[in-house]
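The values are calculated or read from the model by the stated rules, or taken from the named source; none is laboratory data. Computed from a predicted model, the values in this text were never measured in an experiment. Virtual Cβ from ideal backbone geometry, glycine too; neighbours counted across all protein chains shown. To get the accessible areas, we keep the full protein, side chains included, count just its heavy atoms, and leave off ligands, DNA and RNA. Shrake-Rupley method; radii C 1.70, N 1.55, O 1.52, S 1.80 Å.
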Amino acid sequence: MSASPDTAASPVMTLDELREEFEFLGNWEDQCEFLIDVGMDLPKLPAEDKNEQTRVHGCQSLVWLTVDEADGRLKISAESDAMIVNGLIAVLLATFDRQTPEDALAVDVEEVFSSLGLDEHLSSARKSGLSGMVQRIRGEAARLRVEDAE
Amino acid sequence: MNHDATLTTSQASGGRQPSESNSRTPHAPGADAPGSPTPPPPTPLDVDAIRAQFPILCKPLPNGKTLTYLDSGATAQKPTVVLDAMRDCFETYYSNVHRGKSTLGRLVTKAVEASREDCRRFLNAADVSEILFTAGTTAGLNLVAQTWGRANICEGDVIATTVLEHHANLVPWQMLAKETGAELRFLPLTDDGRVDMDRVDEALTDRCKLLAITACSNVLGTLPDVKALCDAARAVGAVSVVDAAQFVPHRRTDVRAWGCDFLVFGAHKLYGPTGVGVLYGKRELLDAMPPWQGGGNMISRVFADRSEWAEPPAKFEAGTPPIGEIVGLGAAVRWVEDLGWEALEAHDRELAAYLLERLEEVPGLTVYGPAANERAALASFTVDGAAAEDLNFLLDKRGIAVRHGHHCTMPLHDLLGVPATTRASLGVYNRAADVDELIEALLAARIRLRLA
Ligand SMILES: Cc1ncc(COP(=O)(O)O)c(C=O)c1O
């Protein structure tokens, strides 16, 4: 594995780090295993944050997701009972976490997913689960942007 | 029981005499009083020879892995005889059926009607006119609901069924109940997912007009006592509809021994093609009930403003049927009969026992449903700490095909208290070695998921 020590130290990798790792691994099989490992090492949500409000529907498995703001940046936490989904959560965190609400809303997620080969390799059920999470993050980002403006 | 000894060395299973394996038991109508001849000792299936007849089992998957197919409950693979029969139809005598008197028309009509006779014999129905070709199990159940149901179910009537049912044997009855003001009632189950035969009268009241029951649960493998249930339905004046979609590949079906009024199955879980199935209906009922879809073939005379119906089965077969698929269905039925039911059922029982025994070795694994001797060779389970989705993913990577989810039985999963299960469902081509693969993969999955 080529994950550099500083990446390993931070639970959430950046999109650039993720892209670099994907390029190094080269094939989907290994990339998928890598995502699963990263997903498994993500911090878990506190039990009180796993409730009907934070639940993201539309996934085959259970997913909970919270979005807070610290220093003008999004603080996203999410967890699923399925390791596969946790791997996808790792991608979402790399894409959206620690962004300002404006930047998060400006991200072209389609481009991110296709550059990582996700659109090609994910089943439609999983893609719709993924887009449910993206919608939740975007909705929260839009809400926070409005609050910031007030 | 030492399943290891009998199954892992299945070809050598001692004590059973090889008997003539190619004897299709002829079921001349009325000529087979139940229980007259003593059945011959079971013929062990030559599973290796069977596997060799399934092209898909003999080649590697696109990812290079060998396929371990444990998803026959979703759909079964197809043997060469079925593929060849369909190909032969399309290549040598294909044309439209029952239309005109051409050479090809005669040949194709003969082939389709031969398949109907194969299905009659397969179900032990009294007459070929009781065998209707449909688009599949779902279509057959909807046909009964929309024709017999609409003509006979009234406000306040009870439609009895169970929470074991596949959505295909539940939703059409819900729709009918809504339309007519009838009430759906569910036969109570025992804790292990069998129909509680001591409490059938809770749903089979004298208001009950129809009982819709599966002959084999696609999730639990449960094999309800269909005969007793049909008897109980008849005793209160209710018509019985049996969903045999999962049952037909596992056990011999006999509509006259059961005394059911309607029975449905599809070809694709019986090693035949998709897009075709059979609805069996007692002739008196078929005569009395209105047709479903209107169109060609189902009429005897059409006037500009009205029509007169053809006799069954044509009355319920509007339009051009799936011709090649009907031919494939006949081939599948003959192929299964030629394996011999005694051997096939014995194989199924051994696999069920071995599957359940070995699943017990996986820590944290729960199998839902009855004991092995009360079920067909399939099992749905959960593993503590492992999402069904992840198990499916990890098994799939090894070339093991199972199914995960609610398997079109959401009410049953509500009862089980789990959103999803993983199901391994076995067929004639499965061996103890396939179960071994599954167990090894489940143990490895637990390690990957950091549960072990
Ligand atoms: C018990 C049962 N009934 C009905 C069906 C529906 O069959 P089809 O989708 O082929 O019409 C299935 C298929 O999964 C089944 O298992």
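Against the conditions (1) within 16 Å of the ligand (Cβ to nearest atom); (2) buried (at least 17 other Cβ atoms within 10 Å of the Cβ), residue B:343 satisfies every one except (1). The condition (being of a type outside the set (Lys, Arg), over 21 Å from residue A:22 (Cβ atoms), open to solvent by 70 Å² or more (accessible area, probe 1.4 Å) and not in a strand (DSSP E or B)) is satisfied by just one residue among A:120, A:111, A:102: A:102. The lone criterion from (1) away from the ligand (no atom under 16 Å from the Cβ); (2) open to solvent by 10 Å² or more (accessible area, probe 1.4 Å) left unmet by residue B:268 is number (1).
Of note, residue B:327 does not satisfy the criterion of being β-branched (Val, Ile, Thr) and surrounded by fewer than 18 Cβ atoms within 10 Å (Cβ to Cβ).
Assessment of the range A:37-51 against the conditions (within 14 Å of another protein chain (Cβ to nearest Cβ) and crowded, with 21+ Cβ neighbours inside 10 Å) yields at least one matching residue. Of all residues in the range B:190-240, those that are more than 25 Å from residue B:380 (Cα to Cα) and more than 16 Å from the ligand (Cβ to nearest atom) total 25.
All of (1) farther than 18 Å from residue B:335 by Cα; (2) open to solvent by 10 Å² or more (accessible area, probe 1.4 Å) hold for residue B:221 with one exception: (2). If you go through the range A:57-69, how many residues are at pLDDT 90 or above and either open to solvent by 50 Å² or more (accessible area, probe 1.4 Å) or within 14 Å of chain B (Cβ to nearest Cβ) (or both)? Residues that pass the stated criteria total 4. Evaluation of residue A:75 against the conditions (1) within 14 Å of another protein chain (Cβ to nearest Cβ); (2) in a strand (DSSP E or B); (3) open to solvent by 30 Å² or more (accessible area, probe 1.4 Å); (4) of a type outside the set (Gly, Ala, Ser) shows that the sole unmet condition is (1).
Counting just the residues of the range B:131-174 that are among the acidic types (Asp, Glu) and out of contact with any Gly (no Cβ under 6 Å at 6 or more places or on another chain), which one comes out nearest to the ligand (Cβ to nearest atom)?
Checking each candidate, the answer is B:165.
Of all residue pairs spaced 6 or more apart or on separate chains, those with beta-carbon atoms under 8 Å, a first member in the range B:156-170 that is more than 14 Å from every other protein chain (Cβ to nearest Cβ) and a second member that is within 12 Å of the ligand (Cβ to nearest atom) and acidic (Asp, Glu) are B:165/B:243; B:166/B:243; B:168/B:243; B:169/B:243. Taken together, A:82, A:125 contain a single residue that is within 14 Å of chain B (Cβ to nearest Cβ), touching a helix residue (DSSP H, G or I) at 6+ places or on another chain (Cβ under 8 Å) and modelled with pLDDT under 95, which is A:82.
Taken over the range A:11-36, the criterion of being of a type in the set (Asp, Glu) and more than 14 Å from chain B (Cβ to nearest Cβ) is satisfied by A:16, A:17, A:20, A:21, A:23. How about the range B:279-300: which of its residues are assigned to a strand (DSSP E or B) and within 16 Å of the ligand (Cβ to nearest atom)? B:279, B:280, listed by residue number. Yes or no: residue A:131 hydroxyl-bearing (Ser, Thr, Tyr) and within 14 Å of another protein chain (Cβ to nearest Cβ)? When the stated conditions are applied, residue A:131 does not pass them.
With respect to being under 30 Å from residue B:83 (Cα atoms), outside any strand (DSSP E or B) and within 14 Å of another protein chain (Cβ to nearest Cβ), residue B:344 falls outside the description. The C-beta contact set for the range B:309-323 (first residue in a loop (DSSP other than H, G, I, E, B), second residue among the aliphatic types (A, V, I, L, M) and open to solvent by 20 Å² or more (accessible area, probe 1.4 Å), distance under 8 angstrom, 6+ apart or interchain) comprises B:310/B:299; B:313/B:128; B:322/B:135.
Restricting the first member to the range B:262-287 and to residues that are more than 12 Å from residue B:332 (Cβ to Cβ), and the second to residues that are more than 9 Å from the ligand (Cβ to nearest atom) and of a type in the set (Lys, Arg), the beta-carbon pairs closer than 8 Å and six or more apart or on different chains are B:262/B:282; B:286/B:315. Of all residue pairs spaced 6 or more apart or on separate chains, those with beta-carbon atoms under 7 Å, a first member in the range B:373-396 that is over 23 Å from residue B:345 (Cα atoms) and a second member that is among the charged types (D, E, K, R) are B:383/B:446; B:386/B:446; B:387/A:81; B:394/B:448.
Cβ-Cβ distances below 6 Å connect the following pairs, each with a first residue in the range A:46-63 that is within 17 Å of residue B:404 (Cα to Cα), a second residue that is assigned to a loop (DSSP other than H, G, I, E, B), and a separation of six or more residues or different chains: A:61/A:81; A:61/A:82; A:61/B:387; A:62/A:81.
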